[in-house]
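Read through the structure below, which is laid out as structure tokens, and then see the notes.
The values are calculated or read from the model by the stated rules, or taken from the named source; none is laboratory data. It should be emphasised that the depicted structure is a prediction, and the values quoted were computed from it without experimental measurement. Methodologically, a virtual Cβ is constructed for each residue, glycine included, from the backbone with ideal geometry; neighbour enumeration extends over all protein chains shown. Each accessible area value is taken on the protein alone, full model and side chains, heavy atoms only, with ligands, DNA and RNA left out. Shrake-Rupley method; radii C 1.70, N 1.55, O 1.52, S 1.80 Å.
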Amino acid sequence: MKRVNFDANACYGLVEEVQGVFNISADAAPCFNPSSIHAGGQAARACIEEARADLMSAINLNPGEYRCIFTAGATESNNFAIAYATGSQAEQVLSSRHYISTAVEHPSVLKPLEHRNQLGDQVTLINPERDGSFSVERFLEALRADTRLVSVMLANNETGQILPVPEIFAAIKSRRPDIFLHTDAVQAFGKLQVDFAKLNADAISVSGHKIGALSGVGAVFVREALPTWSLIRGGAQELSWRSGTENVLGIHTLGVAARALAASIDTRLIAMREVRAKVAAELKTMVPQIRIISDQFNSLENTICAILPAGIGGDIVVSADLEGVLISSGSACSSGKPLASHVLLAMGYSKEEASRALRISFRHDYEPDDITYGVEALRRVFEKYLSADIKINGLSGENSLAN
Amino acid sequence: MQTDHDRIVVAMSGGVDSSVAALLLQQQGANILGVSMQVWDYRKNGGCDSRATCCSPDDFTDARKVAAKIGIPYYVFDLEEYFKEEVIDRFVETYRQGLTPNPCVDCNNRVKFRELRKRSDSLGCSAVATGHYARITCDDSGYHLLRGLDRSKDQSYFLYGLAQAELPRTVFPLGELTKPEVREIARGFGLATANKAESQDICFVSGSVSDFLVQLGGRMSAGDIVRSSGEKVGEHDGLHGFTVGQRRGLNVGGNSEPLYVLELDTAKNRVVIGSRAELEIEGFKVSEVNWIAPECIEAIQREGQVKLRCLAQLRHRHAGVPVDMHWTASNGVAKVSFVEEHSTVSPGQAAVFYDLDGTEVLGGGRIEAQALRA
């Protein structure tokens, strides 16, 4: 059956330009190891270097100021950045280490920090203010003599919230140039106009499958002047920054997707804005009591985070799936059972409210028919779950579900 | 087999029975979804100690593989809260009361065929299917719940809680098959679970029940073992280790005749034991009775009672004995007397009434603690 992807923040799906990649012949670059001396290796090498250049260009970073290191995805990029800031073995001079991040980061930032905490380091996670915004002052207040890393995501994957990273990093850099500044730009890249060069970041993480390339590939941009260090050791690929034979096909798609992105970022944002506005408007007619929390703050153009009114029972995501529209709720979990969103909890929503959260996120390139198809599918889903009581009286009571 | 439903949810445990149930329905052209119920969080209970990573039970992986092979959608439903309240808490509380719990019955009654059904309904699924060995038939008088054809695998005993109204919306694809036939079907289709060993124990207890109960905060304390006269003859280290009718593990040596557990005295934390003769009772009472068979439901409507001779099955592997059963709507309790032998019962266990053929489930309930003594 036909399927429409309204879950772009989980996986964009391949953009058209990348699909073209799969007519691959046996002598094509992705079939070879870039470290090989022969023509095949040279082709593979040329392929990944072209991708590197395309990516740097798309993110508008200067090779003289930043280096681009390919990884197996943003989780590795994030793990790398935190490990880098922790310091190499030779640097165990300081007796204590402190890290600052936010309570709404992706687990690939929170987990390594939790691990550092278990090993004896200190971690401060900044919570949002009551209105959901992040205050620069809180980060400054949290700074300590032994702080070595501040990691703040540019945009949140669940809520779409855009965090004031340029302001935070500028404030910290001017006071404490010694602190390693890292931003997880996974969701922001391609969905937000950002001057990455002016962020004052020491490391920036991006991901392939969030911009329409293959999953399992990403990159971390690191300030060029910083000394070499690697999390993954071995054959010294990526100029000793990250060993392991490069995922040539993945990297190739990353470059292709980045190039396509750069060529069309303006129109993409407009398209995302339009589909989001349309779907949000429709949602409000389908579920009058819906709270679209992504409207409450500066958020990515493509993301709707909504909390459904109490009393809507049922499995909205499963039901939507059966109708052919793909959406999310909470955070995905590998066993298939959703967990309560730590992001929503950090923002002050209750576990119960978090259990009623939906994330609907968009690509930039739907056919008009697809948008209509998706909207109608959602309409069928909500019609099933809304009892007459809620529709007419707007009750949000516990017992308003017919069954 | 009813496949005239718009869409059916098949409860998939990852075992061969539910796998084949799904396969058969799909082969018959039914529109089905596979659903696994997450009822127990292995993370919180000694599985993984990491908070945000999940232990994907291997069973879910198996169920998922089977669903993918059959070509049906597969989801995991979180039913932990319900399971905890309706099954686990009851399990612990039942032991505390000195009774023998029946968690599989509670799971069926309260989780699978209530909560799962509710969620399935909301997805537009008109029936729930499982891999239970049991049959549902239909005639002019209504729907009937029958034993599975494979008597040695029959699980109708655990299904006595089904309401008559639910039967048209419940599907048991395996009821006419034997276990070897089911495995053969699985093998024939190349299902990974064809040769998977059956789970024997309670699904949420790995290790001993005693350890489990202690872990959940029940410190079952040691006490005396006494004869019905009150004379102390030994000691025990927790009532939960005993079931009425039990003969082994009493550790009271020096008797010419075998001794059995007569009663679990929770008030005084004593195990009361006695001879076979003392153990035998003429009858017992059954409460929380659910009636399924149309003839019984009609009798209730006509006379407010069900009074008949039938076969009572008193535990899972029990052939069933003839009894005279009299249930009244006014107090909801059935008085049951043995027709032939004077037999033992385990309070807390399910007593399920079958017709004299032993084929159709008339109804069933929970054996009460007070036995009728001669």
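Considering (1) surrounded by 23 or more Cβ atoms within 10 Å (Cβ to Cβ); (2) over 30 Å from A:Ser96 (Cβ atoms); (3) polar (S, T, N, Q), say which one A:Gln193 fails and leave the rest.
Exception for A:Gln193: condition (1).
Being out of contact with any Ser or Thr (no Cβ under 9 Å at 6 or more places or on another chain), polar (S, T, N, Q), surrounded by fewer than 22 Cβ atoms within 10 Å (Cβ to Cβ) and at pLDDT below 95 is the requirement here; does A:Asn23 meet it?
The answer is yes for A:Asn23.
Test A:Val150 against the stated conditions and say whether it is closer than 30 Å to A:Phe6 by Cβ, open to solvent by less than 10 Å² (accessible area, probe 1.4 Å) and among the β-branched types (Val, Ile, Thr).
The answer is no for A:Val150.
What is the residue count in the range A:343-359 for residues that are surrounded by fewer than 21 Cβ atoms within 10 Å (Cβ to Cβ), within 14 Å of another protein chain (Cβ to nearest Cβ) and modelled with pLDDT of 90 or more?
2
State yes or no: is A:Asn62 part of a loop (DSSP other than H, G, I, E, B) and open to solvent by 20 Å² or more (accessible area, probe 1.4 Å)? Outline the logic, then answer.
Numbers: part of a loop (DSSP other than H, G, I, E, B): yes; open to solvent by 20 Å² or more (accessible area, probe 1.4 Å): yes.
Criteria met by A:Asn62.
Among the residues of the range A:317-326, how many are open to solvent by 10 Å² or more (accessible area, probe 1.4 Å) and either under 12 Å from B:Tyr75 (Cβ atoms) or more than 10 Å from chain B (Cβ to nearest Cβ) (or both)?
Matching residues across the range A:317-326 total 5.
Would you kindly identify the helices (runs of 4 or more DSSP H) lying entirely within the range B:91-192 that contain at least 2 residues that are open to solvent by 30 Å² or more (accessible area, probe 1.4 Å) and within 14 Å of another protein chain (Cβ to nearest Cβ)? Lay out the reasoning, then the answer.
Working: elements: B:103-106, B:117-122, B:179-189.
By residue number, B:117-122.
So which residues in the range A:26-45 are at pLDDT below 85, assigned to a loop (DSSP other than H, G, I, E, B) and in contact with a helix residue (DSSP H, G or I) (Cβ under 6 Å, 6 or more places away or on another chain), if there are any at all?
The answer is A:Phe32, and nothing else.
Looking only at the range B:241-267, count every residue that is in a strand (DSSP E or B) and open to solvent by less than 50 Å² (accessible area, probe 1.4 Å) and tell me the total.
The qualifying residues number 5.
Could you look through the range A:251-289, keep only residues that are open to solvent by less than 20 Å² (accessible area, probe 1.4 Å) and over 30 Å from A:Ala53 (Cβ atoms), and pick out the one that is nearest to the chain's Cα centre (by Cα)?
Per the criteria, the residue is A:Val275.
Filter the range B:62-77 for residues that are surrounded by fewer than 19 Cβ atoms within 10 Å (Cβ to Cβ) and either within 14 Å of chain A (Cβ to nearest Cβ) or farther than 15 Å from B:Ser18 by Cα (or both) and give the result.
Once the filter is applied, which keeps residues that are surrounded by fewer than 19 Cβ atoms within 10 Å (Cβ to Cβ) and either within 14 Å of chain A (Cβ to nearest Cβ) or farther than 15 Å from B:Ser18 by Cα (or both), the range B:62-77 yields B:Lys65, B:Ala68, B:Gly71, B:Pro73.
Quick check: is even one residue across the range A:301-309 in contact (Cβ under 8 Å) with a residue 24 or more places away in the chain, open to solvent by 20 Å² or more (accessible area, probe 1.4 Å) and part of a loop (DSSP other than H, G, I, E, B)?
Taking the range A:301-309 and keeping what is in contact (Cβ under 8 Å) with a residue 24 or more places away in the chain, we get A:301-309.
Now narrow it down to the ones that are open to solvent by 20 Å² or more (accessible area, probe 1.4 Å): A:301.
Filter once more, keeping what is part of a loop (DSSP other than H, G, I, E, B): A:301.
Checked the range A:301-309: at least one residue is in contact (Cβ under 8 Å) with a residue 24 or more places away in the chain, open to solvent by 20 Å² or more (accessible area, probe 1.4 Å) and part of a loop (DSSP other than H, G, I, E, B).
Sort out which residues of the range A:128-145 are in a loop (DSSP other than H, G, I, E, B) and open to solvent by less than 80 Å² (accessible area, probe 1.4 Å), and write them in order of number.
Result: A:Pro128, A:Glu129, A:Gly132, A:Ser133, A:Phe134, A:Ser135, A:Leu143.
Do we have A:Asn9 as modelled with pLDDT under 85 and either closer than 30 Å to A:Ala377 by Cα or in a loop (DSSP other than H, G, I, E, B) (or both) here? Even if it seems obvious, please write down each step before you answer.
Working: modelled with pLDDT under 85: yes; either closer than 30 Å to A:Ala377 by Cα or in a loop (DSSP other than H, G, I, E, B) (or both): yes.
So A:Asn9 fits the description; yes.
Restricting to the range A:197-250, what's the tally of residues that are hydroxyl-bearing (Ser, Thr, Tyr) and surrounded by fewer than 19 Cβ atoms within 10 Å (Cβ to Cβ)? Walk me through it before giving the result.
Start the filter on the range A:197-250 by keeping residues that are hydroxyl-bearing (Ser, Thr, Tyr), which leaves A:205, A:207, A:215, A:228, A:230, A:240, A:243, A:245.
Subset that is surrounded by fewer than 19 Cβ atoms within 10 Å (Cβ to Cβ): A:215, A:228, A:240, A:243, A:245.
Number of matching residues: 5.
Is there any pair with a first residue in the range A:106-131 that is away from chain B (no Cβ under 12 Å) and a second that is part of a loop (DSSP other than H, G, I, E, B) and among the basic types (Lys, Arg) whose Cβ atoms are under 9 Å apart and which are 6 or more apart or on different chains, and what are they?
A:Arg116/A:Arg97; A:Gly120/A:Arg97; A:Asp121/A:Arg97; A:Gln122/A:Arg97; A:Gln122/A:Arg144; A:Thr124/A:Arg144
Can you name every residue in the range B:218-240 that is within 18 Å of B:Asp89 (Cα to Cα), open to solvent by 40 Å² or more (accessible area, probe 1.4 Å) and either at pLDDT 85 or above or in contact with a helix residue (DSSP H, G or I) (Cβ under 8 Å, 6 or more places away or on another chain) (or both)?
Answer for the range B:218-240, where residues must be within 18 Å of B:Asp89 (Cα to Cα), open to solvent by 40 Å² or more (accessible area, probe 1.4 Å) and either at pLDDT 85 or above or in contact with a helix residue (DSSP H, G or I) (Cβ under 8 Å, 6 or more places away or on another chain) (or both): just B:Met220.
B:Tyr133 is checked against (1) more than 26 Å from B:Ile300 (Cβ to Cβ); (2) touching a Phe, Trp or Tyr at 6+ places or on another chain (Cβ under 7 Å); (3) not basic (Lys, Arg) and fails just one. What number does that condition carry?
Unmet condition: (2).
Is the range A:195-211 home to any residue that is more than 18 Å from the chain's Cα centre (by Cα) and of a type outside the set (D, E, K, R)?
yes
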